[in-house]
Amino acid sequence: GGAPPSKYVFIMHATFGTTKDQNKLLACKLPSSLIEPYFESSATELRSLSKSDRAKCDRIVKQGGDMVRAKFFPNYLQYYKARLLPTVEDVFGGAAAGNNHHFALDNVQTPILILEPDK
């Protein structure tokens, strides 16, 4: 086998859907740098702890995950409307549209996704 990774990271996924079609879901991966501050130990430290004290590791992971959900997804079971590659007007409002910027923001390195609560 190869050498073990020198650094571990947190991986967390969020799934979004709509009340109109629950079979069409959108999933995204949250970057480790965004969620790591909510855990009392680094991912590498937790990896080691999982071998020596699995119960403590599981508790830390659950508490950290709960804090991430509370911060970023306070309505955890709420459905969202999602628009991928929105127009300039969708992102910046009507002022940008006044300059005839009705094109989609699809030529970007990181695609833009707009989520709105689906009531």
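To keep it simple, each residue is scored yes or no on (1) loosely packed, with under 15 Cβ neighbours inside 10 Å; (2) at pLDDT 95 or above.
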| site | (1), (2) |
| --- | --- |
| Lys29 | yes, no |
| Ser32 | no, no |
| Ile35 | no, no |
| Phe39 | no, no |
| Ala43 | no, no |
| Leu46 | no, no |
| Ser52 | yes, yes |
| Gly65 | no, no |
| Gln78 | yes, no |
For region 36-52, which positions are touching a Lys or Arg at 6+ places or on another chain (Cβ under 9 Å) and under 11 Å from Phe10 (Cα atoms)?
Tyr38, Ser42, Ala43, Thr44
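The values are calculated or read from the model by the stated rules, or taken from the named source; none is laboratory data. Just so you know, these numbers come straight off a predicted model, no measurement behind them. FYI the Cβ positions are ideal-geometry reconstructions off the backbone, even for glycines, and counts take in every protein chain you see.
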